[in-house]
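Derivation of every value follows stated rules applied to the coordinates shown; laboratory data play no part. These numbers come from a predicted model, not from an experiment. Glycine gets a Cβ as well: all are built from the backbone with ideal geometry, and neighbour counts include every protein chain shown.
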Amino acid sequence: MLIVHSTRTLLVRQRTMAANALRAALSEFGIVAAQGVNGLRTLIEQLKAPSEATVSEVARGALLLLVRQWEALDADVRALERAIVRTARGDEAARRLMEVPGIGPITASATVAKVPDARVFRRARDFAAWIGLTGRGRGTGGKHRCGPISKQGDRTLRSLFITGASAHLRHQRARGVKDPWLRELLARRPYKVAMVALAAKNARIVWALLAKGERYRERALVPAVA
């Protein structure tokens, strides 16, 4: 599974490079679209329709090579992700991790593959630090403050935890944040800070579930005051 995840990570990076190159080249001709996969597909459709694109045939031929590369990489990434999801659903530890809000099958599978025994970390903070989700300590005048996250350690897991936290936050903001801890955090801190804080919290929860063999139990939520 580590090989599957490392291969997926490499292909995702290559897919992103192809997409960025395609967007940059088309922007030179004044052709732009919204961010995200849907916006990219809109650009691809415009490029495939010569009557709708103000791109010379020579440039269009070269850019279509990028399109084919992106489409092939996208298909390979999706095939690997389907395999990861199937494996995660068949793994007892991964299924327990997927009960945590913001932890999907890819994050759960990667964590189980990279950390076969969570007890090698003495505490939850050590695990979060290994991922790079703990703040850098800094102080002056005898006062200690926690700075930005270190970004040291396992880059793949850190990216997955942050991506999952971001997806959960978007979902919560769209439907109304019910968790009082998360609601208070979003009220006083910027969105990205809250996102990283949630990712760090999830890392600590994941360590506890793996190290102690427990299941996730969502705490009772306090309704918001009108």
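Only one residue of A110, T54, V77 has its Cα farthest out toward the positive end of the dipole of the chain, where Lys and Arg carry +1 and Asp and Glu -1 on Cβ, and that residue is A110. In sequence order, segment 5-16 has phi-based couplings of 5, 5, 5, 4, 4, 5, 5, 4, 4, 5, 5, 5 Hz under the Karplus curve 6.51 cos²θ - 1.76 cosθ + 1.60, θ = phi - 60°, and Gly or Pro positions carry x.
The number of Lys pairs in the chain with C-alpha atoms less than 17 Å apart, excluding pairs fewer than 8 positions apart on the same chain, is 5.
Could you tell me how many cubic angstrom of Cα convex hull volume the chain has per residue? Mind dumping the intermediate values first?
Numbers: hull volume 40.7 nm³, N = 226.
Cα convex hull per residue, to the nearest whole number: 180 Å³.
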